[in-house]
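The values are calculated or read from the model by the stated rules, or taken from the named source; none is laboratory data. Model, not experiment: these values are computed from the prediction. Don't worry about glycine lacking a Cβ; one is built from the backbone with ideal geometry, like all the others, and counts go over all protein chains shown.
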Amino acid sequence: MCGITGILNFDSAPVDRGLLVRMTRVLSHRGPDDEGIYISGGIGLGHRRLSIIDLSSRGRQPMSNEKGNIWICFNGEIYNHLKLRQSLIELGHQYKSLTDTETIIHLYEEKGIECLAGLDGEFAFCIWDSDKKMIFAARDRLGVKPFYYGIFGKSFVFASEIKSILLHPEVKKELDPQALSHYLSFSVSPAPLTLFKGVSKLEAGHFFTLSEKGILKKGRYWDPIPKEKINRPQEEIVEDIRSRLKNEVSQRLMSDVPFGAFLSGGVDSSTNVAIMSKLVHEPLNTFNVAIDSGRSYDESRAAGSVSEFFKTRYHSMRINRGDFFKLFELASYHLDEPLCDFACIPNFYLAKLARDNSVAVIQVGEGNDELFCGYKSYAAIMNLIKFYYPLPALVKKPFFSLLNALSGGKLHYAIRRASENEEVFLGGSYLFTEKDKASLFSPGVKLSRMVPSHGYVSGIYAHLLQNFPEADPLDKMTYLDLRLRLPELLLMRADKMSMANSVEARLPFLGYNFVEYALSLPSGLKYRHNQTKYIFKKALKGILPEEIIFQSKKGFAGNPVNIFHEDLQNYFFRLYKETEPLLGEYFNLGEVRKRISFNAKRMPFREGMKIWSIFTLMLWMKSYFTGARQ
């Protein structure tokens, strides 16, 4: 993986080389091995390289074709590049390197923007076509790699991370209230929004073209909507899952440097290790981080058992509350935006553990829970829809009122929405409701003029149903999380925390061919007999020990109940004081103080997550608005 950045001046003013160098070097953690700059008049491209394929100088970027009229800076991996390379050579294209980067250039020469249909991988790239005086940029189908951009004054600026864009003198750091509102609800700002006003992130599966006059045209080239549901015997589906997953894992072994796998001890990471171990010729490097926060969130014993079973080189470390403290501000800086996710911290330590052991390429297990109904919350929502939603309003409303009173007003939002016959699932990380935000925001923030978070979700569901009218509740939940939570929270976390340590993360469960197949499977094969991942677990028999396949899901990173404590609360109040002026522009400060004056012993999980979202927001404000780093 790499760091990319660039500038296009619409008035053709020469790009400031010193500025472009600074914008490139702030991304040095993404590419410690090499740096490249290309400037031609009003266009400038910058690249930091983490050498994975073709370690020679021939792989340096920005890279051009033979004529020098097509230039690219590329972040990612194209797993089918050798197959594409052969066909392109047969068409007369000449290569000067062994990289996948060059294959994108030649495929673009051959097919233009239609080249995206032929690329199988994880990528974000920007191409400058000097003949057409046009930029062409794209983000991979699932959103594994980030791409940020914006038009500021007479310049277009883009980068792998927002911190690079912020160095441009025309960029003014302002907070976007709409993105802030969505962040509080979804735990992340949904693309194309970011919390920096004017800075956009390209949506997964999208591309755009930009003329030298500043005309930007955006389009979608892939959408995670099932084409149809297949009806085949379970035995055939089991074999399909096995063979398809083996192919995805095998493709991601493409590397000229040492690689390994994160091993939490859960089903997905263990599956990854099981398949990789059979495909490599020496013991696989595996990495585990355990958290001293109670046995309920400690999978290290299972990870050690899997490692022993598959004879891997097992590297493990334990972290505690103090280790969380050490990393809060550094992690916030690397994330660019606040992400309400405890797992950012242990993911950083995992990547650091890999890099400290000279491993720069890691396979990880994100995405499989979304594809095969691996979350208990999905199952709970389906049961709610099945048993509670159909009840008449005369029964539902009094029942809800009773339950809500017994819970002290802390009842899950989905039950209230079901009592009102509204859409019950608003995302896997949904926290603050519109009612919550009305009391949290100051009167100056006009929520009534913004798109409500449930309205944003309704638009996504409407798009799905327009294109796939037979979508059932699990299809809808899966689609929503593939559009929002997965690319903008889980994959941003994986990318930013691994790249902060100059480690490339690869995700075999998110190969788009495997995703399309998983989406075509009937929901009844994913959740059956109260068992999540039903058909996937059937496919694992004979691959993993049964005690690993059928262990209960523990999650990763602990939770507010066992991480929050007096020392952390004191840290909250110190951070609050540092960020109070900016907080006061948007929030009812009395409500903020009330929420961070928590009693950890009486804290329900969801309330703890709401506090954590405010905490991560304050960390971000300190990192980017109080001069701590910028």
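Please tell me if residue 479 is buried (at least 19 other Cβ atoms within 10 Å of the Cβ), among the aromatic types (Phe, Trp, Tyr), at pLDDT 95 or above and more than 27 Å from residue 332 (Cβ to Cβ).
Here the answer is yes, as residue 479 does meet what is asked.
Which of the residues spanning segment 31-41 are surrounded by fewer than 19 Cβ atoms within 10 Å (Cβ to Cβ) and part of a loop (DSSP other than H, G, I, E, B)?
33, 41 - these are the residues of segment 31-41 that are surrounded by fewer than 19 Cβ atoms within 10 Å (Cβ to Cβ) and part of a loop (DSSP other than H, G, I, E, B).
Can you name every residue in segment 358-399 that is part of a helix (DSSP H, G or I) and more than 35 Å from the chain's Cα centre (by Cα)?
Passing the criteria: 393, 394, 395, 396, 397, 398, 399.
Using beta carbons and a limit of 9 Å, which pairs, at least six apart or on different chains, have the first residue in segment 536-547 and charged (D, E, K, R) and the second one part of a loop (DSSP other than H, G, I, E, B) and at pLDDT 95 or above?
If the second residue must be part of a loop (DSSP other than H, G, I, E, B) and at pLDDT 95 or above, the pairs left are 537/372.
Can you tell me which condition residue 444 does not meet? The list is (1) closer than 27 Å to residue 184 by Cβ; (2) surrounded by fewer than 19 Cβ atoms within 10 Å (Cβ to Cβ); (3) of a type outside the set (Val, Ile, Thr); (4) in contact with a Ser or Thr (Cβ under 9 Å, 6 or more places away or on another chain), and all the others hold.
Unmet condition: (4).
Of all residues in segment 400-420 being in a loop (DSSP other than H, G, I, E, B) and at pLDDT 80 or above, which is farthest from residue 532 (Cα to Cα)?
Filtering first and then ranking leaves 420.
With the requirement that a residue be aliphatic (A, V, I, L, M) and under 13 Å from residue 271 (Cα atoms), what does segment 297-317 give you?
Hits for segment 297-317 are 302, 303, 306.
May I ask you to list the residues in segment 516-544 that are more than 18 Å from residue 473 (Cα to Cα), assigned to a helix (DSSP H, G or I) and among the small types (Gly, Ala, Ser)?
Selection gives 539 alone.
Please count how many residues of segment 172-181 are of a type outside the set (S, T, N, Q) and either part of a helix (DSSP H, G or I) or in contact with a helix residue (DSSP H, G or I) (Cβ under 6 Å, 6 or more places away or on another chain) (or both).
Matching residues across segment 172-181 total 3.
Looking at segment 46-57, can you tell me whether even one residue there is of a type in the set (Asp, Glu) and surrounded by 17 or more Cβ atoms within 10 Å (Cβ to Cβ)?
No.
Among the listed residues 356, 369, identify the single one that is on the phi < 0 side of the Ramachandran plot and surrounded by fewer than 18 Cβ atoms within 10 Å (Cβ to Cβ).
Step by step, each of 356, 369 is checked, and only 356 is on the phi < 0 side of the Ramachandran plot and surrounded by fewer than 18 Cβ atoms within 10 Å (Cβ to Cβ).
Out of curiosity, is residue 558 at pLDDT below 95 and touching a Ser or Thr at 6+ places or on another chain (Cβ under 7 Å)?
Yes.
How many residues, within segment 308-323, are of a type in the set (A, V, I, L, M, F, W, C) and more than 25 Å from the chain's Cα centre (by Cα)?
2
Residues are listed down the side, and each one gets a yes or a no for (1) of a type outside the set (S, T, N, Q); (2) in a helix (DSSP H, G or I); (3) in contact with a His (Cβ under 7 Å, 6 or more places away or on another chain); (4) not assigned by TED's automatic domain parsing to the domain that holds residue 165:
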| position | (1), (2), (3), (4) |
| --- | --- |
| 183 | yes, yes, no, no |
| 188 | yes, no, no, no |
| 204 | yes, no, no, no |
| 228 | yes, no, no, yes |
| 240 | yes, yes, no, yes |
| 245 | yes, yes, no, yes |
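When segment 499-515 is examined, which residues are found to be under 13 Å from residue 371 (Cα atoms) and in a helix (DSSP H, G or I)?
Listed by number, the residues that qualify are 508, 509, 510, 512, 513, 514, 515.
Taking into account only those residues within segment 577-605 that are outside any helix (DSSP H, G or I) and among the hydrophobic types (A, V, I, L, M, F, W, C), which is farthest from residue 438 (Cα to Cα)?
By that ranking, first place goes to 603.
To keep it simple, each residue is scored yes or no on (1) acidic (Asp, Glu); (2) surrounded by fewer than 16 Cβ atoms within 10 Å (Cβ to Cβ).
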| site | (1), (2) |
| --- | --- |
| 534 | no, no |
| 547 | yes, yes |
| 602 | no, yes |
| 611 | no, no |
| 622 | no, no |
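Being closer than 18 Å to residue 337 by Cβ and touching a residue at least 40 places away in the same chain (Cβ under 8 Å) is true for just one of 142, 193, 184. Which residue is that?
184
I need every pair where a residue in segment 574-587 that is β-branched (Val, Ile, Thr) has its Cβ under 7 Å from the Cβ of a residue that is part of a helix (DSSP H, G or I), sequence separation at least 6 or different chains.
Qualifying pairs under 7 Å: 579/618; 579/621; 579/622.
Please find, among 271, 286, the residue that is in the same structural domain as residue 498 (by TED's automatic domain parsing), of a type outside the set (A, V, I, L, M, F, W, C) and either in contact with a Lys or Arg (Cβ under 6 Å, 6 or more places away or on another chain) or under 22 Å from residue 523 (Cβ atoms) (or both).
Among 271, 286, only 271 is in the same structural domain as residue 498 (by TED's automatic domain parsing), of a type outside the set (A, V, I, L, M, F, W, C) and either in contact with a Lys or Arg (Cβ under 6 Å, 6 or more places away or on another chain) or under 22 Å from residue 523 (Cβ atoms) (or both).
Being assigned by TED's automatic domain parsing to the domain that holds residue 536, closer than 26 Å to residue 191 by Cβ and of a type outside the set (A, V, I, L, M, F, W, C): is that true of residue 365 here?
Spelling it out, residue 365 is indeed assigned by TED's automatic domain parsing to the domain that holds residue 536, closer than 26 Å to residue 191 by Cβ and of a type outside the set (A, V, I, L, M, F, W, C).
Regarding segment 510-528, can at least one residue be identified that is more than 27 Å from residue 417 (Cβ to Cβ) and touching a strand residue (DSSP E or B) at 6+ places or on another chain (Cβ under 6 Å)?
Looking through segment 510-528, none of the residues is more than 27 Å from residue 417 (Cβ to Cβ) and touching a strand residue (DSSP E or B) at 6+ places or on another chain (Cβ under 6 Å).
Hey, residue 468 hits all of (1) more than 29 Å from residue 248 (Cα to Cα); (2) surrounded by fewer than 21 Cβ atoms within 10 Å (Cβ to Cβ) but one; which does it fall short on?
So the condition that residue 468 fails would be (1).
Is there a residue in segment 7-18 that is more than 17 Å from residue 157 (Cβ to Cβ), among the hydrophobic types (A, V, I, L, M, F, W, C), outside the structural domain of residue 360 (by TED's automatic domain parsing) and in contact (Cβ under 8 Å) with a residue 24 or more places away in the chain?
No, segment 7-18 contains no residue that is more than 17 Å from residue 157 (Cβ to Cβ), among the hydrophobic types (A, V, I, L, M, F, W, C), outside the structural domain of residue 360 (by TED's automatic domain parsing) and in contact (Cβ under 8 Å) with a residue 24 or more places away in the chain.
What is the one condition in (1) part of a helix (DSSP H, G or I); (2) over 28 Å from residue 432 (Cβ atoms); (3) without any contact (Cβ under 8 Å) to a residue 60 or more places away in the chain; (4) not β-branched (Val, Ile, Thr) that residue 469 does not satisfy?
Unmet for residue 469, out of (1) part of a helix (DSSP H, G or I); (2) over 28 Å from residue 432 (Cβ atoms); (3) without any contact (Cβ under 8 Å) to a residue 60 or more places away in the chain; (4) not β-branched (Val, Ile, Thr): (1).
Might you let me know whether segment 106-113 holds any residue that is buried (at least 23 other Cβ atoms within 10 Å of the Cβ), without any contact (Cβ under 8 Å) to a residue 60 or more places away in the chain and either in contact with a Gly (Cβ under 8 Å, 6 or more places away or on another chain) or of a type in the set (Gly, Ala, Ser) (or both)?
Taking every residue of segment 106-113 in turn, at least one turns out to be buried (at least 23 other Cβ atoms within 10 Å of the Cβ), without any contact (Cβ under 8 Å) to a residue 60 or more places away in the chain and either in contact with a Gly (Cβ under 8 Å, 6 or more places away or on another chain) or of a type in the set (Gly, Ala, Ser) (or both).
Filtering segment 292-328 down to residues that are in contact with a Lys or Arg (Cβ under 8 Å, 6 or more places away or on another chain) and surrounded by fewer than 15 Cβ atoms within 10 Å (Cβ to Cβ), which residue is modelled with the lowest pLDDT?
Top of the filtered list is 296.
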